[in-house]
Amino acid sequence: MLFCYWSLLILTLIAHSKILDEYGVWVIDDDNYEEALMIQHDLLIEFYTPSCEFCKEFSPDYSLAARTLAKNDPPIYVAKVDASVNIELVKRFSIKKYPTFKYIIDKEVIDYTGGYSEDRIVAWIKSRSNRHVKILNITEQIDKSIEENIITALLIDSLDSTQAHSFLTACKAINLVNFIQCACSACANKYTTSTPTLLLFKPYDERLIDYIGDFSSFSLISFINKNKLPSFIDFNQDAVELIFGDSNPGIFIFTTNRDFYEKWFRLLGKEYKGILLFSIVDADTTDWEKIAHFFDIKKLSEPVVVLLDTRNNQRDKYRLESEINEKNVKEFIEKWKNGMLEVYRKSQKIPEKLYENNVLVVVGECFDDVVMDMNKDVLIAFYIPYSRGWRDLVYEYEFLAEELEHLENLVFGKIDSTENQLKAIKVESTNSVYFFPADNKKGIEYNGEKNADGILEFVKKYAFYEITELKDEL
């Protein structure tokens, strides 16, 4: 009955609000943002622009997720903001790229760290809306819960206090932490001398931290997020979960001489605690090849330092190019903090044989030079070697390239998507074809049948230079 009451109340508020709905998604703007949060305190917001191609591709999944969540009891709504016109909200949330997602929990803002499919969006939001603080009033139960979890936050205070409300907000915002509240005198006598008290238990660094500060939800979230992370961690499954599963940026040294770097690297970890997770990948003793491949480290003839930024649902990689020592690593981190580093992008070397069956072999480091040539219409196939999709496409693609090889202003190219990463374009589908005519270098994706006839009609439609005098009829 209570759920039905809240569902009815929310629907009534929406009916009398100024919030529009597009395919199940609330349309938020500079004027109705506060009203939206009055109706639903916890809200996922997508910042998009109408010109963003990935935003367009993602839109159907977001709408499906919105409709699924709206069936919840009480209903859960998601929203979107057109960043091209709602400048105040863009400034308020410091939005710099699109799409960007922010999750609001009782007016506190956290980054969305889920996926882009309908089921992942739904699962991520429900995992937070269903979180709760464990209420335990027997000290033996508390001790057992602390023992069973790696990290535990314990609040000792009355259940209806403002501190308890802030603690619940922190619980919804933070991953990988066990939240417990105790209101009985026995807990107070065992763990503290005053209330309210917040204690953080963990098996590394300071094993027990007694929080000192105000009990706003923002302060609690900042404190727990900063102190839940170890200052240094050996590379293992725990490190993978903390960095990739919880969107914490990390910095790694890949080396076969751990002892040479560990002392000063651990000290830097303490200095940047809560900002970066420090880890050494020991190539002599750990199964390091998978993570090395992820960072494009093919062989370890000398140590390598890499930084992975997983914030805002990204996986941006940076590589230290100078000598590895404490001073240079610290400068490297400071440049990253200030946005002064270029993202490292994997690239094959430019091949000696530039053409294969009339198709130009393109790699990451020469992609812009080829595609951005304003005197050429450029067709690029983004492929995965040995995949069935590429086997089905390659014959048709090479056949058409041969038929049109007489056209000097038309280039057929291909790039291995598994070995090259690009800044200018984000390709979401595998074995796809994009066209970059001389008058539109943003790129147009081909969505037709993967055959020569279909690709030819597509090229004719968008080409800047006229397609004439085919060698043979296709």
Residues that are aliphatic (A, V, I, L, M) and either within 24 Å of ALA173 (Cβ to Cβ) or modelled with pLDDT under 90 (or both), at least 1 per element: which helices (runs of 4 or more DSSP H) completely within segment 234-313 meet that? 237-240, 289-294
Of the residues in segment 199-227 that are basic (Lys, Arg) and surrounded by fewer than 17 Cβ atoms within 10 Å (Cβ to Cβ), the one that is nearest to ASP42 (Cα to Cα) is LYS226
Quickly run through segment 76-89 and pick out the residues that are aliphatic (A, V, I, L, M) and farther than 17 Å from TRP26 by Cα. ILE87
Within segment 381-399, can you find the residues that are in contact with an Asp or Glu (Cβ under 9 Å, 6 or more places away or on another chain) and either outside the structural domain of ILE444 (by TED's automatic domain parsing) or part of a helix (DSSP H, G or I) (or both)? GLU396, GLU398
Restricting segment 153-171 to residues that are in a helix (DSSP H, G or I) and among the hydroxyl-bearing types (Ser, Thr, Tyr), which is nearest to PRO196 (Cα to Cα)? THR162
Matching residues, segment 279-311, being farther than 15 Å from PRO249 by Cα and among the hydroxyl-bearing types (Ser, Thr, Tyr): THR285, THR286, SER301
Would you pick out the residues in segment 45-101 that are under 21 Å from the mean Cα position of the chain (by Cα), at pLDDT 90 or above and among the acidic types (Asp, Glu)? GLU46, ASP61, ASP82
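Could you say which residue among LEU154, LEU168, LEU89 is in contact with a Cys (Cβ under 9 Å, 6 or more places away or on another chain) and buried (at least 18 other Cβ atoms within 10 Å of the Cβ)? It would help to see each step written out before you state the result.
Working: LEU168 fails: in contact with a Cys (Cβ under 9 Å, 6 or more places away or on another chain); LEU89 fails: in contact with a Cys (Cβ under 9 Å, 6 or more places away or on another chain).
Unique residue meeting the criteria: LEU154.
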So which pairs qualify, if the first residue must be in segment 46-71 and among the polar types (S, T, N, Q), the second must be assigned to a helix (DSSP H, G or I), the Cβ gap must be under 8 Å, and the two must be at least 6 apart or on different chains? THR49/CYS55; THR68/GLU118; THR68/VAL122
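Of all the residues that make up segment 111-121, how many are of a type outside the set (Phe, Trp, Tyr), surrounded by 18 or more Cβ atoms within 10 Å (Cβ to Cβ) and closer than 14 Å to ASN175 by Cβ?
Initially, segment 111-121 is screened for residues of a type outside the set (Phe, Trp, Tyr), giving 111, 113-115, 117-121.
From what's left, surrounded by 18 or more Cβ atoms within 10 Å (Cβ to Cβ): 113-114, 118, 121.
Of the ones still in play, those that are also closer than 14 Å to ASN175 by Cβ are 113-114.
Total satisfying the criteria: 2.
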From ASN420, ASN440, grab the single residue that is in contact with a helix residue (DSSP H, G or I) (Cβ under 8 Å, 6 or more places away or on another chain), farther than 30 Å from PHE295 by Cβ and in a loop (DSSP other than H, G, I, E, B). ASN440
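Quick check: is even one residue across segment 86-104 in contact with a Lys or Arg (Cβ under 7 Å, 6 or more places away or on another chain), in a loop (DSSP other than H, G, I, E, B) and within 25 Å of ALA170 (Cα to Cα)? Full working, then the answer.
If we filter segment 86-104 for residues that are in contact with a Lys or Arg (Cβ under 7 Å, 6 or more places away or on another chain), which is where we start, we get 93.
Subset that is in a loop (DSSP other than H, G, I, E, B): none.
Within segment 86-104 (the criterion being in contact with a Lys or Arg (Cβ under 7 Å, 6 or more places away or on another chain), in a loop (DSSP other than H, G, I, E, B) and within 25 Å of ALA170 (Cα to Cα)), the answer is no, since none of the residues qualifies.
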Just to be sure I understand the filter: pairs with C-beta atoms under 7 Å, separated by 6 or more residues or on different chains, first member in segment 122-147 and within 21 Å of THR169 (Cβ to Cβ) and among the β-branched types (Val, Ile, Thr), second member assigned to a loop (DSSP other than H, G, I, E, B) and modelled with pLDDT of 90 or more. Which pairs pass? ILE125/ILE76; ILE135/LEU159
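Quick one: would you say ALA283 is without any contact (Cβ under 8 Å) to a residue 40 or more places away in the chain, farther than 21 Å from GLU331 by Cα, more than 26 Å from the chain's Cα centre (by Cα) and surrounded by 13 or more Cβ atoms within 10 Å (Cβ to Cβ)? Can you show your working first?
Details: without any contact (Cβ under 8 Å) to a residue 40 or more places away in the chain: yes; farther than 21 Å from GLU331 by Cα: yes; more than 26 Å from the chain's Cα centre (by Cα): yes; surrounded by 13 or more Cβ atoms within 10 Å (Cβ to Cβ): yes.
The answer is yes for ALA283.
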Output the residues belonging to segment 172-198 that are buried (at least 18 other Cβ atoms within 10 Å of the Cβ), outside any helix (DSSP H, G or I) and aliphatic (A, V, I, L, M). ILE174, VAL177, ILE180, ALA183, LEU198
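The values are calculated or read from the model by the stated rules, or taken from the named source; none is laboratory data. Since we're looking at a predicted model, the values are computed, not measured. Glycine gets a Cβ as well: all are built from the backbone with ideal geometry, and neighbour counts include every protein chain shown.
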